[in-house]
């Protein structure tokens, strides 16, 4: 079942000119890379993409960050000095040979570089030119700076996350970045599909705030029914209608020793099976608990009887027993438990990146299996690792030309 | 800027046979529908897909739920009785004419219906057959039931969401469902792209637990640096390194009257601009606050000085002032504020579904603009609304044949 890369990727032959940085853009182009596209990062010769040094850097600050490795697997790196006229001309030449162009600079920056859509379309009418913004062009915040958390705040995500009586909080996931990048990848691939027939290029734009609406739709349905803004509800189902739902404490009581238990109102068997598991079969058919609305009235009692059982088990055991009984349940796994999970490795969901300087690094690849196997994880590139290769293959430059560009500090 | 549907969708001519229900599958096929594919839902003649009645139903329980409308825009509906041999034969006939097949039944169900991949590949070798599971096939939980929250528990999302000293909680977003659906849509489109050249079909499988790893990667990078599982950190940045980050209280003190404020450590100007905005320019250059590590040591003081300013402003005003000054900031908007936002409507990010029985319903469409316009939102289908049309167009059935199928309770 392990990934062996025996089949060429679905996007073999597709060329992506990637001027993006940090996460929203790179998560999008990395998905394309995992699926076989040739993704070429255009990076500043001085230090490269900002994400290489960002945030959760390695102890050795001269090494590319784990963050960079996670979001730039399977890509190539070419250094180009965009501050020079010749560097920008080089990017335009590459755009002639590219299928897709992706950027997520601050608002207006790519146009100031003379690499805006109107220019690029003139150079390559078939190019799929994709821009990732914080806020939508033409809207009141179009010039504002945005990061993942700003998108999650302004896109509704935080308003529905947190305890019922507490302040809004940020989900630990970077939905503003990767959540947006995924929607952009879908859009690019749809445009690419059409282009194969029509030759037509496309100008695609996504804003992080707008993208968040895609993920808060169950809250919008709750709002439509209840006539007011959706509320936070801790670990429980947003609407509050489904009882039980939530994280229940397990042995030995560590910060993530919990099991999630849920019973669907559309399948009454879940509740009955749960009662059997927790040793309360005596309550099967009891009108205080037998329907969703009844359990809602006795939520505290329901939670107490479940907790009384979960506290006697560790979370894996609780998940196993409940799962085997046909009750929807899941242990709360932390990042270390997931990283060390042998099953993820065996199924190829976690793979080990062999990075030339950071060494082996176990990380998730593209979590989708094609014919039983996920795509193979390849290393993230060192800065400029593929400059010669790509300039030679894409533009036919010979060694001397490339050397001269280096001497002139263009690459 | 409004959506006018003037250009045919990118996926015009692509046929999707959609046997999915609830959210994970439907969110995937809806993305394809928004981008122009002909998505045909195959539904039980008795009541249809379970999502029609699910969860946050309308007051009138005979009406399709808002939930259904949100996840099934732009699709068609055909009723087929899968419990009958002739019904299943009908689906196989349709599969001959389809490009894509999507299902997310409970583990093993589609195979028991005789509509598994091996059968379908025999009928149509070019079919892209996509399955959505709770847990990966071949793994220890492959037969367990899964819902959105189970995926978020077992995929690491909850372990990094919540207050630092509180239990794990569930983000309000349905990442286990829609977050998985988006990765599946990317994978399907990549396979579709290759197929156009090679004619090769594909068997694609995604598991909700596996998919969550795509969204927790910043936590994995934090773990790689710190050598321990990533921790919850309320509204603040997960690693805890970036100060300030978080939601700060605004006037008039309602549950979502907060503004998110963040200053990047890679751009010291953010902090200096923030000090100017909050009237503390006297602290510019002060070594207690001038670097990320310094602010980390004085986090409480930093939070207090920012709150002292934010409390004097409402969240929109705070966002405007900070944004104009070049400080990353965003008001926490609730679902009602977003729904009523005129700008979303003007830019076509929110559109109004004209549903034949539920009436007009304002909701988000596909939040990506193509040539400046998002795709046009069309109605979710009534149960069986397109049975005649599709059986006629796909299979060439005449009126009498269709009538007979109805009389025989096959459709």
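Hey, how many Å between the Cα centroid of region A:88-157 and the Cα centroid of region A:210-245?
Their Cα centres are 32 Å away from one another.
Show me the ranking of peptides B:78-84, B:260-266 by mean Cβ neighbours inside 10 Å, starting with the highest.
Working: B:78-84: 20.3, B:260-266: 23.0.
Put in order of decreasing packing, that is B:260-266, B:78-84.
Shielding of B:356-368 by partners, i.e. mean partner chain Cβ atoms within 10 Å per residue? The partial results should precede the final answer.
On the way: counts 0, 0, 1, 0, 0, 2, 2, 5, 10, 2, 8, 14, 16.
Taking all residues of B:356-368 together, the mean is 5.
By how many degrees, 0 to 90 and rounded to 10, does the Cα axis of helix B:299-310 deviate from the longest principal axis of chain B?
Taking the Cα atoms of chain B, the angle to B:299-310 is about 80 degrees.
Whole-Å semi-axes of the protein assembly as shown's equivalent ellipsoid, largest first, each the root of 5 times a Cα gyration tensor eigenvalue?
Details: eigenvalues 306, 230, 133 Å².
Over the Cα atoms of the protein assembly as shown, the semi-axes work out to 39, 34, 26 Å.
Rounded to the nearest 500, what is the 222 nm mean residue ellipticity of the protein assembly as shown from helices alone, with -39500 (n - 2.57) per DSSP H run of 4+ residues and division by all residues?
Working: 34 runs with 292 residues, N = 822.
Theoretical 222 nm ellipticity from helices: -10000 deg cm²/dmol.
For Cα pairs less than 8 Å apart in space and 6+ apart in sequence, what is the mean separation divided by the residue count of region B:202-274, i.e. the relative contact order in percent? Don't skip to the answer; put the middle values down first.
Details: 59 pairs, mean separation 12.1, N = 73.
17 percent.
At a threshold of 8 angstrom on Cα-Cα distance, excluding pairs fewer than six apart, so keeping six or more, what relative contact order does region B:44-153 reach in percent? Don't skip to the end; give the middle numbers.
Numbers: 107 pairs, mean separation 19.6, N = 110.
Across region B:44-153, relative contact order equals 18 percent.
Measuring from centroid to centroid over Cα atoms, what is the spacing of region A:282-297 and region A:24-45 in Å?
Cα centroid of region A:282-297 versus Cα centroid of region A:24-45: 53 Å apart.
How much of the DSSP beta bridge set in chain B is antiparallel, as a percent to the nearest 5?
Working: 15 of 38 bridges.
Around 40 percent antiparallel, to the nearest 5.
Kindly give the distances from residue B:122 to its copy-mates, label point to label point, with each label point 7 Å from Cα along Cα→Cβ, as nm values to one decimal ordered shortest first.
Ordered by increasing distance: 6.0 nm.
Can you tell me how region B:6-127 classifies by the Cα gyration tensor, rounded, prolate or oblate, using a/c under 1.5 as the rounded cut? Could you put the intermediate results ahead of the total?
Details: a/c = 2.03, a/b = 1.19, b/c = 1.71.
It is oblate, given that a/c is not under 1.5 and a/b is not larger than b/c.
Give me the three principal axis extents of region A:274-408 from the C-alpha atoms, as integers in angstrom, largest value leading.
84, 31, 28
Whole angstrom only: what separates the Cα centroid of region A:340-379 from the Cα centroid of region B:301-366?
When both Cα centres are located, 38 Å separates them.
Taking just the C-alpha trace of region B:185-280, give me its Rg and Dmax in Å.
21.3, 65
What is the pair-distance distribution P(r) of chain B, computed from all Cα-Cα distances in 10 Å bins starting at 0, with each bin given as a whole percent?
4, 18, 25, 23, 15, 9, 4, 1, 0
With the contact rule set at Cα under 8 Å and sequence spacing of 6 or more, what percent relative contact order holds for chain B? Numbers along the way, then the final one.
Numbers: 754 pairs, mean separation 77.1, N = 411.
Relative contact order, chain B: 19 percent.
Ignore the peptide's own chain and count Cβ atoms of other chains within 10 Å of each Cβ in A:223-232; give me the average, rounded. List each step's numbers first, then the result.
Details: counts 7, 14, 8, 1, 2, 3, 11, 5, 5, 5.
Other-chain Cβ atoms within 10 Å of each residue's Cβ, averaged: 6.
Kindly express, to the nearest 10 degrees and within the range 0 to 90, the angle between helix B:217-226's C-alpha long axis and the longest C-alpha principal axis of chain B.
The answer is roughly 40 degrees.
Out of all DSSP beta bridges with both ends in the protein assembly as shown, state the antiparallel percent to the nearest 5. The partial results should precede the final answer.
On the way: 36 of 82 bridges.
Looking only at bridges with both residues in the protein assembly as shown, the antiparallel portion is about 45 percent.
Just tell me how shielded B:201-210 is by partners: mean number of partner chain Cβ atoms within 10 Å of each residue's Cβ, no decimals.
Details: counts 1, 4, 4, 5, 6, 5, 5, 2, 8, 12.
What the average comes to for B:201-210 is 5.
Quick check of the Kirkwood formula: for region A:226-353, what is the inverse mean of 1/r over all pairs of different Cα atoms, in Å? Don't skip to the answer; put the middle values down first.
Details: mean 1/r = 0.0633 Å⁻¹.
Result for region A:226-353 stands at 15.8 Å.
Please give the helix B:24-34 orientation as an angle from the longest Cα principal axis of chain B, in degrees from 0 to 90, rounded to the nearest 10.
That helix lies at roughly 80 degrees to the long axis.
Kirkwood hydrodynamic radius, region A:44-194, all distinct C-alpha pairs: what's the number in Å? Mind dumping the intermediate values first?
Working: mean 1/r = 0.0561 Å⁻¹.
Across region A:44-194, the inverse of the average 1/r is 17.8 Å.
Among B:270, B:313, A:298, which comes first, second and so on when ranked by fewest other beta-carbon atoms within 10 Å? Write down the numbers at each step before the final one.
Working: B:270 22, B:313 18, A:298 15.
Exposure proxy ranking, most exposed first: A:298, B:313, B:270.
Compute the distance in nm between two label points, each set 7 Å from the Cα along the Cα-to-Cβ direction, one at residue B:282 and one at residue B:198.
Here the modelled spin labels are 6.9 nm apart.
Test of understanding: ordering B:137, B:154 by Cβ neighbours within 10 Å, fewest first, what list do you get? Provide the component values of the computation, followed by the final result.
Numbers: B:137 16, B:154 33.
Placing the least packed residue first, the sequence is B:137, B:154.
Can you list the distances in nanometres, one decimal and ascending, from the residue A:13 label point to the identical position in each other copy, with the point 7 Å along Cα to Cβ?
1.7
Would you kindly work out, in nm and rounded to one decimal, the distances from the label point of residue B:356 to those of the same position in each other copy, ordered shortest first, with label points 7 Å along Cα-to-Cβ?
6.2
The numbers here are math on the coordinates, done by the rules we state, and not lab data. Keep in mind that what you see is a predicted model, and the values were worked out from it rather than measured. Here the Cβ is made from the backbone with ideal geometry for all residues, glycine too, and neighbour counts use every protein chain on show.
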